[in-house]
There are 2 protein chains.
Amino acid sequence: MSYKSDIEIAREAQKKPIQEIGEKLGIPSDHLLPYGHDKAKVSQAFIDSVQGNKTGKLVLVTAINPTPAGEGKTTTTVGLGDGLNRLGKKATVCIREASLGPNFGMKGGAAGGGRAQVVPMEDMNLHFTGDFHAITSAHSLLSAMIDNHIYWGNEQDIDVRRVVWRRVVDMNDRALRQINVSLGGVANGFPREGGFDITVASEVMAILCLARNLKDLEERLGAMIVAYRRDKTPVFCRDIKAEGAMTVLLKDAMQPNLVQTLENNPAFVHGGPFANIAHGCNSVIATNTALRLSDYVVTEAGFGADLGAEKFMNIKCRKAGLAPDCVVLVATVRAMKMNGGVAKADLGAENVAAVEEGCANLGRHIGNLKSFGVPVVVAINHFVTDTDAEVAAVKAYVETQGSEAVLSRHWEHGGEGAEALAQKVVEIAESGASQFAPLYRDEMPLFEKIETVAKRIYRADEVLADQKIRNQLKDWEAQGYGNLPVCMAKTQYSFTTDPNRRGAPTGHSVPVREVRLSAGAGFVVVVCGEIMTMPGLPSKPAAESIRLNDSGQIEGLF
Amino acid sequence: MSYKSDIEIAREAQKKPIQEIGEKLGIPSDHLLPYGHDKAKVSQAFIDSVQGNKTGKLVLVTAINPTPAGEGKTTTTVGLGDGLNRLGKKATVCIREASLGPNFGMKGGAAGGGRAQVVPMEDMNLHFTGDFHAITSAHSLLSAMIDNHIYWGNEQDIDVRRVVWRRVVDMNDRALRQINVSLGGVANGFPREGGFDITVASEVMAILCLARNLKDLEERLGAMIVAYRRDKTPVFCRDIKAEGAMTVLLKDAMQPNLVQTLENNPAFVHGGPFANIAHGCNSVIATNTALRLSDYVVTEAGFGADLGAEKFMNIKCRKAGLAPDCVVLVATVRAMKMNGGVAKADLGAENVAAVEEGCANLGRHIGNLKSFGVPVVVAINHFVTDTDAEVAAVKAYVETQGSEAVLSRHWEHGGEGAEALAQKVVEIAESGASQFAPLYRDEMPLFEKIETVAKRIYRADEVLADQKIRNQLKDWEAQGYGNLPVCMAKTQYSFTTDPNRRGAPTGHSVPVREVRLSAGAGFVVVVCGEIMTMPGLPSKPAAESIRLNDSGQIEGLF
């Protein structure tokens, strides 16, 4: 049997006019700002008008530690959304936007896969509604204003060696990682070191995704630390007077984007912060708005549950006052096999023992998620080569962990294939079993917060950090930042900081290399390992074969 | 009597849904890709479908050399469009898009002024439909691919000292004018010098505005010279294999943007190349499309007629096969007075003698325009302090030059105020008097082309250029670029290269400092004076006071 590719399926989608999708959520067409016929932003006025509505149930989709086999977290998110709609629940999917730059290195990604996708896929991989461009603009304005401030007399006494605000561009451009700027003489300013990150790594992106409204956005932007003075006191964005103009540049980008699934159900695709140095979730404003328009909102978090779900709970839910009613933990038989030691090339053959061996990773995540007080259901995202015995092995294991695993065939059958999963989610969510609480209190000292995550989620024995790092955390506490949550930046492939250690390792240490304060976003970034904030292009970039063919279709992007 | 500001008038505009504006031009709503309710792109498929239509009349609006008094070229373009519509002609206005970056330095500009404006003004000064962001992206992709090519083995043998492709950003950021890139060690590439220009200075912008269709766009992008090899042969964009992906990034940006005048008449606002190192006109595709949908298309060219109209005729019309049926030369009584030696502070007082004295600048432009074989009408853009005697002096002078001057009150009265001008334009255009021909043949050697413009338009005695520059031009001729037109980059304030010499000077020389080959856009840039391709912000940038007020309106942008 042969299957169509994601892009073939996406191109055959019978899309409805976006106004009809909006209607399903009760959004009148004058409050839907169209971008073409299949994308729209929801007006700020409408968003404001529904804040008093009662809220629907919130379902988080997360996953085991990713393996090269692929887990299908977004696919499951979309399939579950369609499945819930089939059960007569008004369900909305909330996912992240894609970054443009990386698509020119490796091929672009679908939003979902198979029969569980969000469309228009090509637009979503290119400029979409311009949100990331707006973020790049706002970020670039502040960059220009900082050097301009220094140029015209440097009233704030910025130490040019301590400008922490890097520039951004939405492109994989390694040549810009480390640069010297303001060269060429008096007219161009005071030479200093600088560099560019990719746009999704911008603190502006994290802020846009955490801000509750435009007022909150402006305040958070103003609170960003951009440099330090000669006396080492921080210079804030508001000291440069940039936050007002940045807010103006971001006012449209703050409005969530509405698109549709292949089954014409609503999906908000909005925001896309890095999942390492930021929290990796779609915007609070999209989730909050969707909750006020739907019975169910299905959303996802970046990477595996040890990073993505932890940050969703400890950062996004904490900041936005959200509480998930159910968590869906996505696993695949293939990924279990890889965790059980099978090489990618051998995944096609039945291997129940390896599946059983690999389930330890799944079990650890189930336990971790339960420690937040939320009920967990495991979704086995079905792959066509999975055997009944392998699936049964996963189900049996999950039962020993006090949860249930449901086989879901949304990739092959769309919403219909996810009905059993949807049924289970409804049962759990409507039982009111969730008693969500974040893992630590705001008042806990910063280093203890790091230890809490490392010990309770990663199951490490200890956190290693220089005195310098411990002192830095103490300084921030003294400055009033002690109540912030921590944002862990660690490999996504393992519970440990070593990407090669699969399964459920114990007895490891978590070394902290660096800490950074994202004062506007409102978290302390804890860097445990190499973190790349400006990717490069490969030796044969995808861009070389991307083109429009004679019928105007894009080739090479997927 | 007090008048409302441009922004007050723009905010009070009774805009019609953009579909109704499209209907006036026969664009069906599925071929109108909306961006909100008041902006839309015209689909490529629709554009292709109307190429066989008969074309309307083309009217170019240009001006005398600009003075601080302001001439109102765009205001007249818009007013004339509305005036023609009032006469029952289906008229479309075609103007350029605004660059985002500079608005954060000095206050943003209206598209037109008073009762003759195009709306939505705020969007047009911010992200609009994302065209400039797409250009920045396409440009940035090529930048990244060049350094990536060098990084992965440099198969093309690019001399890192001779990379001529600079980066761009749509922001006034002087710190980026001259930088060193690829610092920080092996993983970041080979260190070299580089720099950023503002996006409107990108050759990609010039190409987007000259390309007839997507195929032509791709070919032109591929033909851009990005670097030279160690053996000094050129490396083209196509050698880096970037043109296909760049075209994909630009496919939406190639579709013209439809908006409306205050009187609900159609306006295409599309493209915005620099008027110095590029040709300074809106896109060929917008003008061509508008001509196939309208009885009249009113468009404008950058700067004064010596630069803007000359390039419109010798570059845009030549490349696109266009021919203007009538040229409107905009002048104001105040600008005549300034040309006659009056200081800005004294412009309020009647001074017929100064008006007469200043008319020499106007007369020279009339003569120049007629040398292209096109009939000229002078529009006196009325200012409320103009006296009857002053207006009469301009009219009398214009008559001595064999043309007619019409007083136009569109600023105060909109289309109604421009009816007399519109009537005159119709009379001229329908007389068939225009016998347009560019000033020089394609076959003329490059240096002779420069001399032709300098002597026949600027009325200089001679062109001064080093042997090195003359040799460079000869080399390009040997390489097959001799048939390109020249694109003069000179001060807009004078016929000479000295911005302080107003009026109609003679006996001057034109020194050529530098020549550049824009092989993709298809012209040789001739730099005669200081040209700034990356502006800086002032000591008190407008951005500092730009913000959203409590009712969500933008303050400080205008």
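The values are calculated or read from the model by the stated rules, or taken from the named source; none is laboratory data. Predicted, not measured: the structure shown is a model, and the values here were computed from it. So basically every Cβ, Gly included, is an ideal-geometry build from the backbone, and we count neighbours across all protein chains shown. Quick note on the areas: whole protein, heavy atoms, side chains included, nothing else; ligands and nucleic acids left out. Shrake-Rupley method; radii C 1.70, N 1.55, O 1.52, S 1.80 Å.
Quick notes on this one:
- Using Cβ point charges alone (K and R +1, D and E -1), the dipole size of the protein assembly as shown about the Cα centre works out to roughly 1180 debye.
- Simple label model, 7 Å out from Cα along Cβ direction - A:ARG161 to B:THR506, nm: 6.4
- A point 7 Å from Cα along Cα→Cβ stands in for B:SER539, and the other copies hold the same point at 5.5 nm, listed in rising order.
- Note that the protein assembly as shown presents 34 Å² accessible area per residue, ligands and nucleic acids not counted, probe 1.4 Å.
- Total accessible surface hidden between B and A, rounded to 100 Å², 1.4 Å probe: 5500
- Residue list for segment B:504-531, given a label point 7 angstrom along the Cα-to-Cβ vector of B:ASN471 and an amide N cut-off under 18 Å: B:512-517
- Measuring between alpha carbons in the structure, the pairs from A:LYS39/B:LYS41; B:LYS4/B:LYS90; A:LYS4/B:LYS251 lying more than 22 angstrom apart are B:LYS4/B:LYS90; A:LYS4/B:LYS251.
- Less than 5 angstrom separates the built amide H of A:ALA111 from those of A:VAL118, all sequence-distant by 5 or more or on a different chain.
- Relative contact order [Cα under 8 Å, 6+ residues apart], chain B, whole percent: 20
- Segment A:64-130 versus segment A:222-269: alpha-carbon centroid distance in Å: 23
- Treating r as the C-beta distance of B:ASN549 and A:LYS107 and R0 as 41 Å, the FRET efficiency rounds to 0.35.
- Cα pair distances in segment A:446-528, grouped into 10 Å bins until the bin that holds the longest one, percent each: 19, 51, 25, 5, 0
- For segment A:452-463, 3J(HN,Hα) per residue [Karplus equation, 6.51 cos²θ - 1.76 cosθ + 1.60, θ = phi - 60°, Hz, x = Gly/Pro]: 4, 5, 5, 7, 7, 9, 7, 6, 7, 7, 7, 10
- Between A:GLU530 and A:GLU20, the contour length at 0.36 nm per residue exceeds the alpha carbon distance by 179.0 nm.
- Placing a label point 7 Å from the Cα of B:LYS344 along the Cα-to-Cβ direction, the residues of segment B:370-408 with a backbone N closer than 20 Å are B:381-386.
- Per-selection Kirkwood Rh - the protein assembly as shown (Cα, Å, 1 d.p.): 31.1
- Whole-number percent relative contact order across segment B:446-528, with pairs defined as alpha carbons under 8 Å at least 6 apart: 34
- Partner chain coverage, peptide A:164-174 - average Cβ within 10 angstrom: 5
- The string of couplings for segment B:16-33 from the Karplus curve (6.51, -1.76, 1.60, θ = phi - 60°) is 9, x, 4, 4, 5, 5, x, 4, 4, 9, x, 8, x, 5, 6, 9, 10, 8 Hz, one whole number per residue in order, with x for Gly and Pro.
- Stokes-Einstein, applied to the Kirkwood radius of segment A:418-558 over Cα pairs at a viscosity of 1.567 mPa s and 4 °C, places its translational diffusion at 69 µm² s⁻¹.
- Across peptide B:125-135, the mean count of Cβ atoms from other chains lying within 10 Å of each residue's own Cβ comes to 4.
- 20 Å reach of a label modelled at A:LYS370, 7 Å along Cα-to-Cβ, counting backbone N of segment A:474-510: A:495, A:503-506
- For B:GLU555, residues with placed amide H under 5 Å, excluding near neighbours: B:ARG547, B:LEU548, B:ASN549
- Oblate is the label for segment A:132-249. Its Cα gyration tensor axes, ordered a ≥ b ≥ c, give a/c of at least 1.5 and b/c at or above a/b.
- Of the trypsin sites (Lys or Arg not before Pro) found in segment B:99-173, the ones in coil according to DSSP and having at most 16 other Cβ atoms within 10 Å of their Cβ are B:LYS107.
- Prolate/oblate/rounded call for chain A, Cα gyration tensor, a/c under 1.5 rounded: prolate
- Cβ-placed point charges (K, R +1; D, E -1), dipole of segment A:78-124 about Cα centre in debye, nearest 20: 260
- The dipole here belongs to segment A:446-528: it is taken about the Cα centre, uses +1 on the Cβ of Lys and Arg and -1 on the Cβ of Asp and Glu, and is about 240 debye.
- Calculated FRET efficiency for the pair B:ARG441/B:LEU464, C-beta based, R₀ 25 Å, to 0.05: 0.55
- Rounded, prolate or oblate (a/c below 1.5 giving rounded, otherwise prolate when a/b exceeds b/c) for segment B:338-460 by Cα gyration tensor: oblate
- Per-copy distances of the A:TRP152 label point, shortest first, in nm (7 angstrom along Cα→Cβ): 4.4
- Segment B:132-249 - share of DSSP beta bridges that are antiparallel (%, nearest 5): 75
- Trypsin sites (Lys or Arg not before Pro) lying in DSSP loop within segment B:42-74, provided at most 13 other Cβ fall within 10 Å: B:LYS54
- Using a probe of 1.4 Å, the accessible surface attributed to B:CYS94 totals some 0 Å² when neighbouring protein chains are kept in position.
- Test item: B:146-157 mean partner chain Cβ contacts at 10 Å: 3
- Spin-label pair B:THR385/A:LYS395, simplified geometry with 7 Å Cα→Cβ offset, distance in nm: 8.8
- Lysines with Cα under 30 Å of B:LYS468, excluding same-chain neighbours fewer than 8 positions away: B:LYS232, B:LYS311, B:LYS316, B:LYS319, B:LYS449, B:LYS455, B:LYS490
- Annotation for A:GLY480, label-to-label distances across the other copies: 6.7 nm (shortest first, one decimal, point 7 Å from Cα along Cα→Cβ).
- Relative contact order computed over segment B:52-174 (Cα-Cα under 8 Å; 6+ residues apart), in percent: 23
- Net charge over other residues, Cβ less than 12 angstrom from the Cβ of B:ARG238 (K, R count +1; D, E count -1): -2
- Exposed GluC sites (Glu not before Pro) absent - longest run of chain A, DSSP non-H/G/I/E/B, at most 12 other C-beta within 10 Å: A:156-442
- Packing rank of A:372-384, B:337-349, B:81-93, where each peptide gets the mean count of other beta carbons within 10 Å, highest leading: B:81-93, A:372-384, B:337-349
- For the protein assembly as shown, calculated [θ]222 nm from helices alone, where every DSSP H run of n ≥ 4 adds -39500 (n - 2.57): -9000 deg cm²/dmol
- Solvent-accessible area assigned to carbon and sulfur over segment A:132-249 amounts to 49 percent, based on a 1.4 Å probe.
- Segment B:533-558 and segment A:463-515 have Cα centres spaced 40 Å apart.
- Sequence-distant residues sharing a close amide H with A:PHE383 (under 5 Å, placed H): A:VAL333
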